[in-house]
Amino acid sequence: MYCEDGKVFVEKEDQCMSCKNFKKGVECPLLQALGLGMVSLDGVMYVTNCGFYLENKRHLKLVDHDEEIKDEKNI
């Protein structure tokens, strides 16, 4: 994470990328504090153990294409 021209940039290595607070429209208290100027960031900081972190679990399921077609015909 780093600041440039008053903007906060989150990098792929930051824990933010898999955080529910970041995925839900930046509801992260840390990013909000940075954006409001309540705290400042000098240089580069890698976010690896954030106290606000909530894991964003994905629930994906593979679907058999033939089974999906059968279900559509039965409707």
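Bear in mind that the values in this text are calculations on the coordinates, not laboratory data. Quick caveat: nothing in here was measured; it's all calculated off a predicted structure.
Numbers for the structure displayed
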| quantity | calculated |
| --- | --- |
| Length gained when the stretch VAL39-LYS7 is fully extended (0.36 nm per residue, less Cα-Cα span) | 10.2 nm |
| Per-residue ³J(HN,Hα) for the range 41-49, Karplus 6.51 cos²θ - 1.76 cosθ + 1.60, θ = phi - 60°, Hz, x for Gly and Pro | 10, 10, x, 10, 10, 9, 8, 10, 9 |
| For the range 6-57, radius of gyration divided by Kirkwood radius, i.e. Rg to Rh on alpha-carbons | 0.93 |
